Structures are given as structure tokens and as C-alpha cells.
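The values are calculated or read from the model by the stated rules, or taken from the named source; none is laboratory data. As the structure is a computational prediction, the values presented were derived from the model and not from experiment. Here the Cβ positions follow ideal geometry from the backbone for every residue, glycine too, while neighbour counts run over all protein chains shown.
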Amino acid sequence: MNWTVFVNHIPAAPEVVLLVGACVAMIADLRVKSERRTGTFLIAQGVLLACAVLTLFIQSVNGTSRLYLFNGLFVSDAMSNVLKFAAYVSVSMALVYSRQYLLDRGLFKGEFITLLLFALLGMMVMISANSFLTLYLGLELMSLCLYAMVALNRDSSASTEAAMKYFVLGALASGLLLYGMSMIYGATGTLTISDVAKQVARLSGHSGDRTFLVFGLVFVVAGLAFKLGVVPFHMWIPDVYHGAPTAVTLVIGSAPKLSAFAITIRLLVNGLLDLAADWQQMLLVLSVLSMALGNIAAIAQSNLKRMLAYSTIAHMGFMLLGLLSGVVAGNWLNKDEAYAAAMFYTVIYVLMSLGAFGMLLYLSSKGFECENLEDLKGLNRRNPWYAFLMLIAMFSLAGVPPTAGFYAKLSVLGAAVSAGQIWLAVVAVIFSLVGAYYYLRIVKLMYFDDPKDATPIAGQSDMRLLLSVNGLALLAIGILPQPLMALCFASIKSL
Amino acid sequence: MPTTVPLLSLAIWVPIAFGLGVLATGGDKDAPAQRWLALTGAITGFLVTIPLWTGFDTRSAAMQFVELAPWIELFNVHYHLGVDGISMLFLLLNSFITITIVIAGWTVIESRVGQYMGAFLILSGLLNGVFSALDAVLFYVFFEATLIPMFIIIGIWGGPNRVYAALKFFLYTFFGSVLMLVALLYLYGKSGGSFSILDWHKLPLPLHAQQLLFFGLLLAFAVKVPMWPVHTWLPDAHTEAPTGGSVVLAAILLKLGAYGFIRFTLPILPDASRSLAWFMIGLSLIAVVYIGLVALVQTDMKKLIAYSSIAHMGFVTLGFFVFNAYGVEGGLIQMISHGFISAAMFLCVGVLYDRMHSRMISDYGGVVNTMPKFATLMMLFAMANCGLPATSGFVGEFMVIMGAMKANFWVAFAAATTLVFGAAYTLWMYKRVMFGAVANDHVRGLTDLNGRELLVLGSLAVAVLWMGIYPKPFTDVMHASVNELLRHVALPKI
């Protein structure tokens, strides 16, 4: 047996383990009798743990080097390891948060767990993609799982409608992306992203070829914008967030953002950095529109899930500030800091989003959906600790120190200012002021109003613990942001 | 003076630690224990700031008690603390005011006592952080973080219109400070990657950039001061906040804006400051004269004192922008003196409000007949508020008017009208509330100050008289730093 082949492919081991683990969970679930599905749940968590250990191991062995596997289809670098690790953590948290909620609604079936694991597999493939092919495969694997999860509650017309919308628009987005990629393939003659970069560097000097490339680029950016959910490709976000069961909204609002960020980096930075002057302008428009529409539309929402959906749009617009500040007049000096800022923003956003949606799941109970603003009324009187955790999450989303969200804003604004985009930074902070209003409104409801009902909040102890850790992590990162920032910086530097 | 004990860190983290401790003690059934714990925290917090005063080297203009440690290396951000003659007194003032707030809220606050006390202690630590931060990011973090406890304080324990007031307070100040954030990031870029405020003091900047930055910072600080025309949040916030909230707002939070001018705007942007001084003096005079007139027509005591605060803070900014030692030191003295006087005035209104549940002047009359001790003390504070000699209010106003006189007679003339308006609105209010026949049965049933209230108001009275009769210890502390600042501001750095 040839061991070197085996050893060379170790960087793809987490994907293999996850694939096998997901299949095992699917089969084992047939034998699980209990309603709580402890067996399947534990298998899933175990698989995630194994993946995490493997990823840590791979990272510790590889350090900052980039490894190409499967003839350049797959890449393993520090960024992929960090993002994968973040994805495991967020999926694992999502499993804990959603368990009781789904149980109460009779939706905690094996399918949920298996689909979640396969979606994660898709995300990991996206994160490690070094070819248009793998990237598209990963994207479709993730998307198909998510479509199905949105429709998990098949008796609910809202869920079904949301799933339908998600599917149709998602398919359109995939189509756009595929079309753009095929154009770039036509111009460069290769599907491998690192080779595309070399070809683009050669071709972008010729105006004719450049036009061809930019034509493809427009579609690629549109496809990415769909996946990130930025204006004007955001229409699916509010409806899907609103219509899906909250547990699934939590899933959609967390880890997929990491993978969407990853493919944006892979395509635009790894592949098309020589066209930065073009795509930065597109991102600029997307960013400003998202911050404006997201923040303003969120004010008008009375449904929490819809409000958080618009808030996602605004946050993704903010994240783009980092991505569009990398290259200044052909100078690449700013790029590591700028992309690291965007990555830091994405990771922090995922953590905040998990905290906020996790709280909604925690406050929901059998026969009661916590999804309207009124449902948070007087939370401080009912349970000061969870009100405090939600307070941290809200101030973090608003970007008020000393919470993690502030440093996320600080780093992307810093990138924009050092790229000379001072007016853009001013526009961004003005919209973040608008945004502060609706986060404050939630704090107001929790702290200043009297509760509608004073029933104590039930909940599983593992979930209580995790929610507390999640909230305190936002505060801890707010006090000591250096480690996570340095990690993002190091992983972007290794690109 | 080198020291091994991190005094400034203690001044920041001791109150915060106690605040978190109080928060953690649970619900209202433990209220007595929470009160005592909070008092212990406030007193310990004050005690750790006393060595700052006793160990301070008044001859040096340099930063003292400096602490420096890397914090966010990626952005070259440091945990950099230090105080000079300008900022040191505010730490003491703040820690002292915190004690009075804890005592003043002892029985008045009945629901969620732990959260109330905890919020004030945390706020106190954060404010100490603002006054001692020498790193711009650290400063910004503390500056912004103070909004959270204050928002909660106004919103939970405030009056009927508290939600509106709390949101207005938060959004107004947040608006100012986010623009400051952009300005700070711009300075970070210009200085080649440093967030150190002291490095920025030496940074040469073209006039155009200075002026842009001036307006970026102006909004943040002007909202906080508050200067006309961005003052409208203050009367609302003061009126709706609980007594303790009004006290800390008037005594300390308003000083953050003025402190920002003197720590950031003047030394970092001296040329812009000089070229735009007319603008700042104009706004300050509007605050002094126009807001003085507005205060005259108020029917709500808290609103009246709130407007009086704006007028007094106008004096502070006026003093800063005439660029001489009298003006700047006068402004600083005025800030500290106003910290005592406004705190005392709001506590006085609190005393009445706790008994009558009304802040309307028209509901009172003849209070002196039933509360003689209270009337005596309030007389002192009212006199101090209009700048009577031998009270602290006189020293600052006199020095600022002197400074303004050196700069321009008519500016000094306009500023001096405050002595008339100040006396008019304060004493007229005092007359209507205190003197005359007993207005109604509620007033007849009033009881005079209890021991706790007497302690709080008495200690403030001592402070007001001390500063008024013998201000030298206070001015001595400032002297070296103010002269250094003025020397620095006089040099162009274009």
C-alpha cells in the first residue's frame, strides 16, 4: 500500500470524516427510538469534534503553507482551517440551540441532523475550493440541504413558501455564478483558481480580454451577492428568515455566511485580484445600498426574525467595506489588513447572530413562537441574566464598545479609511447610527417595559450554558480582541 | 512620580468589579446587602483615587502614574493610562460623586436596587477610564461604553417620558461619537499607525485636514458638553432621569465633552482651533446668553437646572477658546465647581421630589417654613450657582471673564451677563419654591432633611465653600499642565 498518497491527502480528512459521519448518523438514526434522538445527536457532535481535532492537527502541521490536493481542485491553507473550525463551532452550537425548539414542534428528526451535516460538508468544500468546479459543487450541496431544511415543517404554508422562494432565487443565483465562471473559463482556459489568477494577470493588460473578463466578473459578483444577501440581491433574505422555522433561520444566518465569505475570497481575491479595480466598484455600490436599505427597512419591522434579516443585510454591507478596501490604485499594500478585517467581521457576525437567534429559540416554548418584538417585553424582570446576554448581543450588533461588534466595525472602518475612502466611512457610520435605533428598541423592550406574562423561562441546561458562553464570548472578545484579530490576519496573510 | 501600584487601573476596575459584584448578588430580597456592598465599592473607589492627589507632582506637566501595556498589537493599540493636572481632579470628583449617588439612592430606589447600584458603579469606573486613557481607542471604548449604563439608568428608573429621553440621549451622543471614530481612524493613518494621543499632539497636519478633523471631533464633544444647538437632548435626559442619573450626567458626563476639547481638539488641532475660535466663542456666548434666558422661563425645576448647566458649560468652552491661562484654568475650575454645584442642585430637587413627587415650581412655596435646614443648604448652592464670591461658582466664572477680557472686551461683556441671568433664574426659582406663604397642605406636611441627606448635601457644601475660599490647591495642580498646553497650542504645526 502506498502510504504517501494517503498522507498527502490528510488535509482533506475532515471532509472525509464528516461525509462518513453524516452517513453513519443517517443509518444510526433508523435505530434510534427515543424522541430526543440522543444517539444521533451525540454522533453528530462527536463527528464535529473529530473534524475539529483533525483541522487543528492539520493547521498545526501545515502552519502557513498552502497545500493543493486532487490536482489543484482543493486547497488547504490557514484561512480554510480557521473558517472550517468556525463553521464546526457554529453548526455544533446550532444543533444544541435548535434541539428543544424542534422537539417541541415534532421536527427534531434524523433528517434535520443529516441535512445539517451535509450542508456543513458543502460549506467545507466551498471553503477549500480551488477550482470553479469544486466551488460550485460545494455551493450546490450546501444550498440543496438548506432548501430542504427551510421546508422541514412541511405543514406550514409560510415555510413552504419560503423554501420555494429560496430555491428559485438560489437556483437563479447559482445560474448567474455559473455563467460568470464559464465566461472567465472562456477567457482564461482554466477552471483552477490559482491558474486563473496567473492568466488574469497576463490578460488584464489587454483591453479586449479585459472586457471579456469583466463581463464574466459582473455575473460572478452578482452570484456572490445573492449568496451573501446584499442589496439588490437580498429579496430572499427577509422572507426566508421569516418563513423558516427559527432553528433553521439560525442555521442559515450563521455558518453559511462563513462559506459565502470564503468563496468571495477564493473567487475575487485568489482568482481575480487583478480585476480589483472593477469589482471593488461593484462591491462599493452593493455595500452602500445594503447598509442603507438594511438599516432603514429594519426599523419598520415588528417581527424579530424579519428585523434580524434586514440587520444581516446591513451587516453584510458593512463587511464588504473591508473587501472593497484592499487594493488602492493598483497598490496591494492594504490588502491583508482589509481582507482580515472583513474576515474578522464575518466571524464576529456569525457569533452575534448565533447569540441573537439562540435567544429567540430559548424564549420560544411549546406552542409559543418568540418572534415578535412584544415577546421580549420585560425580559429583565423575568430573567435578568438572559436579558443581560441579549443586551450584549444587541449592543454588539449595534457596534457599541466594549463588545465584539465594535472591533468588527472598527477594523472594517479602519480598512476603509486607510484606503482613502473617508466619505464611505462617514456614510457607513451614519447608517450604523440608524441601525443603533432598532437594536436599542429591543433593549428598551427588555429593560424598560413590563412583561406580558411573567411565566419563568424553561430550557435545557446545555442550552443555558451555551447561550451564556456565547454572550460572554462577545463581551470577552470586546475586552481582548487581539487573539481573534491576529488569527484572522495570519490566515489572510497565508493566502 | 514612579509608582509600583497601578493606581489608575485600580480607580477604573475597583468600581467596575464592585458593580459586577452587586449585579451578581441577585434580586430585591437582598437589597440591604446590595446597598452596603455598593457603598463599600464607592468608598473603596474613592479611597484608591486619593493617592493620585497626594502623590501628584504639581511641578510637572508630564503624564503621571503612567501605565502602558500592549492591548491590540495588530492596530498598535495600547492600554495606556496616565493623568496630568488637567485630568487628575476629575477622577477624584467622579469617585466622590459616586459615593453621594449611592447614599442619595439608598431608600429612594426600591425596585431593582442591585441593578441601580451596579450600573452607577460600573459607570463610575468607565468614567475614570475616559479621564485617564491616553490611547485613542481606549478613550473611545470608555467614552462609548458609558452610554450603556446611562441609557439603562434613564430608561428603567426615569420619569414618565423616560423611554423617549433615553433613546434621544443615546442616539444623539452616538451620532457625535461615530463621526469622532472616523476622525480618530484618519489620525491613525496620518500618524503612520499610532493611536497614542500624546504622539498625535506632535503630529504636523495641514490646516485643511485640521479643520475637517476639527468638525469631526466637534460634533462628538459638542453633543456631550452640550453646546448650542445640539443641546436639546439634555433637558429631556435630565428631567426624566432619576436623581442619581441627573447628578452623574450634570457632574461628570457633561465634562467629557469639555475634556475632549482640551485633550484632543486644542493640542492636536491647534491651528484649526485658533482659526475657528471665533466660531466656538460665538456658540459659547449663545449658550451663555440665550440658554440663560431660556432657563428663566422654565416651570420645571430640573429643566431649569438643566438649562443652567448648558449655560455654565458655555462658560467652560468660552474659557478654552480664548487661549490664555485665565481662560483655560477658569474653564477647568468651572467644570469641577459645576460638578459639585449641579450635583447639589439636582440632589436638592431630588429631596423635594421624593417628598412631593413633583418638580413643578408652582407646586411649591414657603418650603422654608417646614424645611429650614434644607432651605439653608439650598440657599448656599443657589448662590454658588449664580457665582457669589466665596463659593466655587465665583472662581471659575471670574477667571473666565478675566481671560475673555484679555481677548476681547465685548466677548467678556456678553459673558458677564450670565452673572445677571444666572442670579435671575436661580434666585427667582429659589424665591418661588422656598419663600412666601406655605402654598398647600403638601408643603405643610414636609419633613426636614434626614441624616443621610444632610450628610450628602453637607459634604457638597463643604466642597463648594472650600473651592470658593481657597482654590489654590486646585489651580496649583493645573498650572503646569495648562501652561504646557497653552505653549503647545500657540505653536503652529501646519
Next item on the list: All but one of (1) β-branched (Val, Ile, Thr); (2) assigned to a helix (DSSP H, G or I); (3) more than 19 Å from the chain's Cα centre (by Cα) hold for residue A:64, so report the exception by its number.
Entry: (2)
Note to self: Going through A:204, A:182, A:194 one at a time, which residue ends up being small (Gly, Ala, Ser) and touching an Asp or Glu at 6+ places or on another chain (Cβ under 8 Å)?
What the structure shows: A:204
Check: residue B:207 passes all but one of (1) of a type in the set (A, V, I, L, M, F, W, C); (2) away from chain A (no Cβ under 12 Å); (3) within 23 Å of residue B:287 (Cα to Cα); which number fails?
Finding: (3)
Check: Do you know which of the residues in the stretch B:159-170 that are part of a helix (DSSP H, G or I) and of a type outside the set (A, V, I, L, M, F, W, C) is nearest to residue A:406 (Cα to Cα)?
Finding: B:168
Margin query: Step by step: first the residues of the stretch A:390-432, then only those that are among the β-branched types (Val, Ile, Thr) and within 22 Å of the chain's Cα centre (by Cα), then the one that is farthest from residue A:339 (Cα to Cα). Which residue is that?
Written below: A:392
Checklist line | Selection within the stretch B:171-204 - under 19 Å from residue A:410 (Cβ atoms), in a helix (DSSP H, G or I) and either within 7 Å of chain A (Cβ to nearest Cβ) or of a type in the set (Phe, Trp, Tyr) (or both) | finding: B:174, B:175, B:178, B:179, B:181, B:182, B:185, B:186, B:188, B:189, B:200
Note to self: Between B:224, B:168, which is closer than 25 Å to residue B:295 by Cβ, modelled with pLDDT of 85 or more, more than 9 Å from chain A (Cβ to nearest Cβ) and surrounded by fewer than 24 Cβ atoms within 10 Å (Cβ to Cβ)?
What the structure shows: B:168
Notebook entry, point to check: Tally time: how many residues in the stretch B:130-145 are of a type in the set (Val, Ile, Thr) and within 10 Å of chain A (Cβ to nearest Cβ)?
Noted result: 2
Next item on the list: Considering only the stretch A:290-314, state which residues are in contact (Cβ under 8 Å) with a residue 12 or more places away in the chain, of a type in the set (A, V, I, L, M, F, W, C) and more than 14 Å from residue A:232 (Cα to Cα).
Entry: A:296, A:298, A:299, A:304, A:307, A:308, A:309
Checklist line | residue A:336 among the acidic types (Asp, Glu), touching a Leu at 6+ places or on another chain (Cβ under 7 Å) and part of a helix (DSSP H, G or I) | finding: no
Check: Of all residues in the stretch B:51-102, which are modelled with pLDDT under 85 and of a type in the set (Ser, Thr, Tyr)?
Finding: B:58, B:60
Check: Name the residues in the stretch B:13-30 that are within 14 Å of chain A (Cβ to nearest Cβ) and of a type outside the set (Val, Ile, Thr), would you?
Finding: B:13, B:17, B:19, B:20, B:23, B:24, B:26, B:27, B:28, B:29, B:30
Checklist line | The lone exception for residue B:70 - which of (1) surrounded by fewer than 21 Cβ atoms within 10 Å (Cβ to Cβ); (2) assigned to a helix (DSSP H, G or I); (3) in contact with a strand residue (DSSP E or B) (Cβ under 7 Å, 6 or more places away or on another chain) it fails | finding: (2)
Check: Of (1) in contact with a helix residue (DSSP H, G or I) (Cβ under 8 Å, 6 or more places away or on another chain); (2) in a helix (DSSP H, G or I); (3) among the hydrophobic types (A, V, I, L, M, F, W, C), residue B:215 satisfies all except one. Which?
Finding: (1)
Item checked: Residue ID - surrounded by the fewest Cβ atoms within 10 Å (Cβ to Cβ), chosen from residues in the stretch B:101-129 that are away from chain A (no Cβ under 12 Å) and in contact with a Leu (Cβ under 7 Å, 6 or more places away or on another chain) -> B:103
Item checked: Condition check for residue A:137: crowded, with 17+ Cβ neighbours inside 10 Å and not charged (D, E, K, R) -> no
Item checked: Filter result for residue B:148 (among the aliphatic types (A, V, I, L, M), free of Cβ contacts under 8 Å to residues at least 24 places away in the same chain and either assigned to a helix (DSSP H, G or I) or under 27 Å from residue A:448 (Cβ atoms) (or both)) -> yes
Next item on the list: Go over the candidates A:44, A:87, A:94, A:52 one by one and state the one that is surrounded by fewer than 20 Cβ atoms within 10 Å (Cβ to Cβ), assigned to a helix (DSSP H, G or I) and either among the hydroxyl-bearing types (Ser, Thr, Tyr) or modelled with pLDDT of 90 or more (or both).
Entry: A:52
Notebook entry, point to check: Are any residues in the stretch A:468-495 at pLDDT below 90 and away from chain B (no Cβ under 14 Å), and if so, which ones?
Noted result: A:494, A:495
Next item on the list: Scan the stretch B:454-474 for residues that are in a helix (DSSP H, G or I) and surrounded by 19 or more Cβ atoms within 10 Å (Cβ to Cβ) and report the count.
Entry: 9
Checklist line | Failed condition for residue B:158, given (1) over 29 Å from residue B:113 (Cα atoms); (2) at pLDDT below 85; (3) at the interface with chain A (Cβ under 10 Å from one of its Cβ atoms) | finding: (1)
Next item on the list: Could you look through the stretch A:397-456, keep only residues that are of a type in the set (Gly, Ala, Ser) and within 30 Å of residue B:242 (Cβ to Cβ), and pick out the one that is farthest from the other protein chains (Cβ to nearest Cβ)?
Entry: A:454
Check: Mind checking which residues of the stretch B:353-401 are farther than 20 Å from residue B:307 by Cβ, surrounded by 17 or more Cβ atoms within 10 Å (Cβ to Cβ) and aliphatic (A, V, I, L, M)?
Finding: B:356, B:367, B:368, B:371, B:375, B:377, B:380, B:395, B:399, B:401
